[in-house]
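Worksheet: the structure to be examined is printed underneath.
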Amino acid sequence: MSVELLPEDIGRPAMVQKVADAVKAAMRDAGIDNPADVHYVQTKTPLLTIESVQDAQSRGHDVACEVHTSMGVSNGTTGLGIAVGLGEIAMPMAADICHNLDLYSSVASCSSGVELTQAQIVLLGNKAGAGGRYRIGHSVMKDALDVDGIYESIRNAGLELPVRPRAEDLGGRVVNCFMKCEADRRGTLHGRRQIMMDDSDVPWHRHIKAAVGGIAAMAIGDPAVFVSVDAMHQGPQGGGPVIAIVDVGE
C-alpha cells in the first residue's frame, strides 16, 4: 500500500511519485532487484467523490478533474507511476499526465474505486532462485487486433512457439492471460473508421472488452482470460499490456 493519496493528488505529479515509491517498495517486498523481472503490476487507487472534492476545497486545494472523469484519470496517473517506479520512463511533467499518450507502462493494469485512499499494489515477477514450474512474461498489443502481441507475451514467459503460432501450439501450458485495452481515441482501427466512440447505445468499453476478449480466446483456445478497460498510459494508445503466466513443467 502506498502512502495516502489526497484528492488533490489525483491526476498530478504527486500521485505519480507516491505510486512509484510504492512500486519500488513492492519490489523490495517481493525480493526482486531488477525491474526487468517485473511483468505485471495490478493496482487499485482512489477516485474522486463529491465528498472528497469538498474535503480538498475545505483545505484550500483544487482537484485536477471532475468526479465523473476521475476513474480514467486515476488509472492513467497510476500507470505513469508504475512506469516511473520501474524505470520505463522518466518523471513526467504535469502537462503530460493524461495527455501525452506516448508515455506508458508495458506491465500496468490499473483500476480505481471509492473504497480506497491509498494505492493498493500487487506486483508479479520472476524471482531468481524461487524455483517452481510457473513463469510470467509480458508484451503489448499495439492495437485491438494485435494477436501477435498475445503470443509474444507467452514467448516472453518462456514457451517456445513457431513463427505463426496457433492455440494448438500452446499445449495447454498457458495458465492465464491478463490484458488491458482501450478503444483508440483517434476513432480508427487499421485505417478503418470504428464506431466504438460514437455508439449511443453501447458504451465503448463494452465494445473493446468484447473484441479483445474474443481475440484472446481465439489466440489461446480458452475464454478464461482477464480483460480490463480504461487503459490510459497502460500500453500504447489503442492497445495495452498483455501478461501471460505459463507452466514450463518440472
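Quick rundown of the values:
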{"quantity": "Residues with amide H under 5 Å from that of Val242, placed H, sequence gap 5 or more", "calculated": "Ser139, Val140, Met141"}
{"quantity": "Portion, in percent, of the accessible area of the range 91-179 that falls on carbon or sulfur, probe 1.4 Å", "calculated": "50 percent"}
{"quantity": "Simple Cβ-charge dipole of the range 71-171, Lys/Arg +1 and Asp/Glu -1, about Cα centre, in debye nearest 20", "calculated": "380 debye"}
{"quantity": "For the range 63-80, Karplus couplings with θ = phi - 60° (6.51, -1.76, 1.60), whole Hz, Gly/Pro x", "calculated": "10, 7, 7, 8, 4, 6, 9, 6, 5, x, 5, 4, 4, x, 5, 5, x, 5"}
{"quantity": "Choice from Val227, Val19, Val212 with maximal GNM fluctuation in the chain (Cα, 10 Å cutoff)", "calculated": "Val227"}
{"quantity": "DSSP-loop trypsin sites (Lys or Arg not before Pro) across the range 173-232, with at most 13 other Cβ within 10 angstrom", "calculated": "Arg185, Arg186"}
{"quantity": "Max mean-square fluctuation residue, GNM over the chain, Cα-Cα springs under 10 Å, options Met196, Met93, Met15", "calculated": "Met93"}
{"quantity": "Inter-label distance, nm, simple model (7 Å from Cα along the C-beta direction), Val202/Glu250", "calculated": "4.8 nm"}
{"quantity": "Listed residues Cys181, Trp204, Ile136: farthest to the positive end of the dipole of the chain (Cβ charges)", "calculated": "Ile136"}
{"quantity": "Length added when fully stretched, Ala128-Asp222, from 0.36 nm per residue minus Cα-Cα", "calculated": "30.9 nm"}
{"quantity": "For the chain, built as a Gaussian network whose Cα springs stay under 10 Å, the top-fluctuating residue of Gln54, Gln42, Gln120", "calculated": "Gln54"}
{"quantity": "The chain - charge dipole about Cα centre, Lys and Arg +1 at Cβ, Asp and Glu -1, debye rounded to 20", "calculated": "420 debye"}
{"quantity": "Note, ³J(HN,Hα) from phi for the range 168-178, Karplus 6.51, -1.76, 1.60, rounded to Hz, x at Gly and Pro", "calculated": "5, 6, 7, x, x, 8, 7, 6, 5, 10, 10"}
{"quantity": "Computed over the chain, the ratio Rg/Rh where both radii use C-alpha atoms and Rh is Kirkwood", "calculated": "0.99"}
{"quantity": "Probe 1.4 Å, protein heavy atoms only - accessible area per residue of the range 118-250 in square angstrom", "calculated": "51 Å²"}
{"quantity": "Length added when fully stretched, Gln57-Asp29, from 0.36 nm per residue minus Cα-Cα", "calculated": "6.5 nm"}
{"quantity": "Probe 1.4 Å, protein heavy atoms only - accessible area per residue of the range 1-97 in square angstrom", "calculated": "44 Å²"}
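The values are calculated or read from the model by the stated rules, or taken from the named source; none is laboratory data. As the structure is a prediction and not an experimental result, all values here were calculated from the model. Using ideal geometry, Cβ is built from the backbone for each residue, glycine included, and neighbour counts are taken over all protein chains shown. Keep in mind that these areas ignore ligands, DNA and RNA; they rest on the heavy atoms of the full protein, side chains included. Shrake-Rupley method; radii C 1.70, N 1.55, O 1.52, S 1.80 Å.
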